[in-house]
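*Asks:* Quick one: the structure is below, and I'll ask about it shortly.
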């Protein structure tokens, strides 16, 4: 949704979608806004608790069935397994996504990895299409004035017209742009603690071919899972940057993620957005 500075500031029921790589500060920003006025809609939370709930539980059960003691209890319905996903703990989703590579190192076969990636892509698009309904729910059921949509880092990878329409017609798009120094920090974090990620399939296929050639692996099943994530993450940053920028250029506004440290309360956030609108209006 495009608007003027005054239109945004006068907007009685604000709804803002945050774009950016995981780690740039989307959730931290959400936590700075008044909890009694801003509904924090976490796309990843919605994915894990609705659209991937069953596949995530199936993954847990599949692992548990490999343990004789647990297998017998599960088969007799003596125990049940549940995930405890929260906005601040999304590990069950990461565990389900997994990493490509050697099975004996915790990796997934290529076909299964891609299957889970496709499930995540569909779930993320569906969760973003739900934002429109939650704008109403936040107000009518829970009594919140405004909604902040904390979108997943991979949203820029998804080509879904319904998702784009839902976000651009009902929310203001705000891209939290990571500068070179922040991108280097994100890379350092990925190297120190490689985590499962979503990749567009065409991007994955290209990068996987390069990795296999450079590292002398005959197939994806020979890859060290963590080593591959460390290697591909800088490529992923470079790949996503122009996609984020294109979304912001066409549909929304951009702020430097480093400027988020200046946000201490709601008024600071509103000023940050209003200034971003001004810059785009002036062509800056």
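*Asks:* For segment 223-274, enumerate the residues that are in contact with a strand residue (DSSP E or B) (Cβ under 8 Å, 6 or more places away or on another chain), part of a helix (DSSP H, G or I) and under 30 Å from residue 15 (Cβ atoms).
*Replies:* Hits for segment 223-274 are 244, 245, 247, 248, 251, 257, 260, 266, 272, 273.
*Asks:* Considering only helices (runs of 4 or more DSSP H) fully contained in segment 56-175, which possess at least 1 residues that are buried (at least 20 other Cβ atoms within 10 Å of the Cβ)? Even if it seems obvious, please write down each step before you answer.
*Replies:* Values: elements: 68-75, 91-97, 110-129, 131-140, 161-170.
Per the criteria, 91-97, 110-129, 131-140, 161-170.
*Asks:* So for segment 18-25 (the condition being out of contact with any strand residue (DSSP E or B) (no Cβ under 7 Å at 6 or more places or on another chain) and either within 19 Å of residue 139 (Cα to Cα) or without any contact (Cβ under 8 Å) to a residue 40 or more places away in the chain (or both)), does at least one residue qualify?
*Replies:* Scanning segment 18-25 turns up no residue that is out of contact with any strand residue (DSSP E or B) (no Cβ under 7 Å at 6 or more places or on another chain) and either within 19 Å of residue 139 (Cα to Cα) or without any contact (Cβ under 8 Å) to a residue 40 or more places away in the chain (or both).
*Asks:* In the list 92, 109, 103, 55, which residue meets the criterion of being under 30 Å from residue 34 (Cβ atoms) and either touching a helix residue (DSSP H, G or I) at 6+ places or on another chain (Cβ under 9 Å) or at pLDDT below 95 (or both)?
*Replies:* Checking each option against the conditions leaves just 92.
The values are calculated or read from the model by the stated rules, or taken from the named source; none is laboratory data. Model, not experiment: these values are computed from the prediction. Cβ coordinates were reconstructed from backbone atoms using ideal geometry, including for glycine residues, and neighbour counts include every protein chain displayed.
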